[in-house]
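The values are calculated or read from the model by the stated rules, or taken from the named source; none is laboratory data. The structure presented is a predicted model; accordingly, all values stated were derived computationally and were not measured. Cβ coordinates were reconstructed from backbone atoms using ideal geometry, including for glycine residues, and neighbour counts include every protein chain displayed. With ligands, DNA and RNA removed, areas are computed over all heavy atoms of the protein, side chains included. Shrake-Rupley method; radii C 1.70, N 1.55, O 1.52, S 1.80 Å.
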Amino acid sequence: MTVISEIEWDACLIEPRRDDEYERRYRQETGRPASGVRYVAGVPWLAEALIDWSVEIERRVVVDAELADLVGLVVSQDNSCRYCFATMRFFLIVLGVPDAKIRRLEEQLLSVDFSPEQRAALDFARRVSRSDPLPTPADLQTLRTHGYSDLEVAELVAVVGIHLFFNRLSTLIAMPPQPMESMTDRWYVRFVRPILALRLRNVRQYTKPVHLEPGESDGPYAHVIRGLDGLPLAGVLRRSVDEMLASTLLTRRCKLLVLAVIARAMGCQRSEDEATGLLSTDGLDRAEIDRILSHLSSPLLDPIEKLAIPFARETVWYQPMQIQRRGREVMETLSREQFLELVGVAAVGNVLCRASIAERTLA
Amino acid sequence: MTPVALALVAVVLALLAGAAVWIIRLERDRSRLRERLTGAASDLQNLQLAFSRFAPDEVIERVIANGLLDVGEKKEVSVLFADLVGFTALSESVEPTTLVGILNGYFERMSRVITEHRGHVSTFIGDGILALFGALAPNPWQANDAANAAIAMQAEMRDYNRALERDGLPKLEVGIGLHRGTGVAGLVGSHELKEFAFVGRTVNVAARVQDLTRSHDAEIIVTEALRVTLDPRFHTRELPAANVKGVADSISIHALEGAEAD
């Protein structure tokens, strides 16, 4: 029993809802059971993101798959995400990794029993994941001295980003981890394991570098997306950001303020400038933006923004139970779909700031 | 079967049995070691989790990886210093056990309020509390958090006093000083006892400003350095500039009298 399964975790904040179309696509494209999709049903861009980002968990360009799995475990453990940690663990077992080896991997997360190259990558993953403070070019240099190419560094950032997205999503809505935690002990798992493994192996694959289409390297947060060019996640992130901003469950202003607050909390000037620039273009006065970001309050904020802005700040660093209780309070005023959109924006916002270091890998 | 063959079979069987026993023992040792390793890793994780309440993650990791180090970093932090008014008189008028109970109740409630406002209690000094905002993790809203915490502490104090009154115990009064400034955060202390602390003039100024709550009949006093970064929705009243021990020039201070609701 690892300490992560003992972390306090609230009851799920969201009522699952069936959506046959998304569930079918999820199963087809990821090879995984689609129960998670039910928690985001009702917010189309988030359901699309869930499918797209899940595919990216398994798709690698240059980084070794085992290292990527380790990064996933490190990031999930570091973010205290019981759901993601249990999920990662289960799928590794399905893929044939012996339980004992996984336990050893869990233990090794704190030991020094890694190759210097693996250790450097895992330390970097933790730096990106924590971002207190944000990683610097010196962190990239450390990786380069261990032989990592710029594309490998960018992919490591992408792997951290993908797991951060799922950590935020799962933790902020308190996705129930218990079924996944007990899954490996169930008698029928050994019978369905070969089928699941076959489906997963079909999804888990190496791909050639995928470059952005002409229109994809412009638009909001282009600096982050260009930094990930060559990786399939770049296009996926472009689509998620555009669809997120186009969604009308929350106002565009509310979403941009959430992104700006997250950037301010993390000291990510580049992402803050991006969000405030868009807010300014949309007509919000610069002085007012400054006031909101300096104090998280303003008489101009509408009731939803007054809830969303302080909540956004909490999503950067948190204890699961605390943020889940806070989410429950916010949900009293927001509809299920509005709350889900807020969680999705916060998840993407956290990824955008942490992944902005990838821009430094560009020549 | 000849006696020689029998002897050979017996030797082989004995060797096999010996090897089996050796393998079983080896396996048992291995499993015992694995259990100990798992336990140690789990303990280490628990320890890391526990320590993260007292020092930044990065400091903890460096301590775990390299042993105790002279880790120090210059930081801008908001400091809250709270002290009970008339505690010496109180300590002479109640039984020691009762006094400890009253103090523990006070520390418990105040610590909870500070944590809820994203601060962390650095240390208890007698009946005083030194709390820091922005020391463990970057916090651009540290001044507002400290001010909100101070207001919430006074509200909590009133609630605690009602409970003390019901039990027939004397009421408490707390003065709070707030200041914002730079200092050095790091592991300080002797080889036997180290703690994560924030040292520098900022802490002294917060403590001195707290002293002034008595002479100015104010529950909370903030320095100008902190006030300029506060949300305009906080109500402050300017007080006469004060000379503070250890600071060459007089400093501008303000009584913090509340905040508009959101």
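For the reader, a short list of remarks on this structure follows.
- Once the Cα atoms are used to define both axes, helix B:96-116 deviates from the longest principal axis of chain B by about 90 degrees.
- Here the accessible area is traced with a 1.4 Å probe on the protein chains. For the protein assembly as shown, carbon and sulfur cover 54 percent of it.
- Max mean-square fluctuation residue, GNM over chain A, Cα-Cα springs under 10 Å, options A:Glu314, A:Glu15, A:Glu181: A:Glu15
- GNM top mover of A:Val192, A:Val40, A:Val74 - chain A, alpha-carbon springs below 10 Å: A:Val192
- Residue-averaged beta-carbon neighbours from other chains (10 angstrom radius) around A:132-140: 1
- Residues whose amide H lies under 5 Å from that of B:Thr236, counting only those 5 or more places away or on a different chain, are B:Glu257; hydrogens are built 1.01 Å from N in the peptide plane.
- Chain B: most fluctuating residue of B:Thr123, B:Thr202, B:Thr97 per GNM, C-alpha cutoff 10 Å: B:Thr97
- Selection from B:Pro232, B:His191, B:Gly86 lying farthest towards where the dipole of region B:69-259 points positive, charges on Cβ: B:Pro232
- Cα gyration tensor shape for the protein assembly as shown, rounded if a/c is under 1.5, else prolate or oblate: oblate
- On the beta carbon distance between A:Ala65 and A:Gln319, with R0 = 30 Å, the FRET formula returns roughly 0.45.
- As computed over chain A, the Cα convex hull volume per residue (Å³): 132
- Principal-axis tilt of helix B:57-66 within chain B, Cα atoms, nearest 10 degrees: 40
- The 3J(HN,Hα) values that the Karplus relation (6.51, -1.76, 1.60; θ = phi - 60°) gives for region A:213-219 are, in residue order, 6, x, x, 7, 8, 10, x Hz. Gly and Pro appear as x.
- Among the cysteines of the protein assembly as shown, A:Cys12, A:Cys254 have no other cysteine beta carbon within less than 4.7 Å of their own.
- Separation in nanometres of the label points that stand 7 Å from Cα toward Cβ, at B:Val85 and A:Arg201: 7.6
- Expressed as a whole percent, the proportion of Cα-Cα pairs in chain B lying more than 33 Å apart is 39%.
- Charge dipole (the protein assembly as shown, unit charges on Cβ, about Cα centre) - positive-most of A:His295, A:Ser182, B:Pro96: A:Ser182
- With Cα atoms, 0 to 90° folded angle of helix A:303-314 axis to chain A main axis: 50
- Remark: accessible area buried at the B-A interface is about 2300 Å², both chains counted, probe radius 1.4 Å.
- Shielding by other protein chains, A:291-303, mean Cβ within 10 Å: 3
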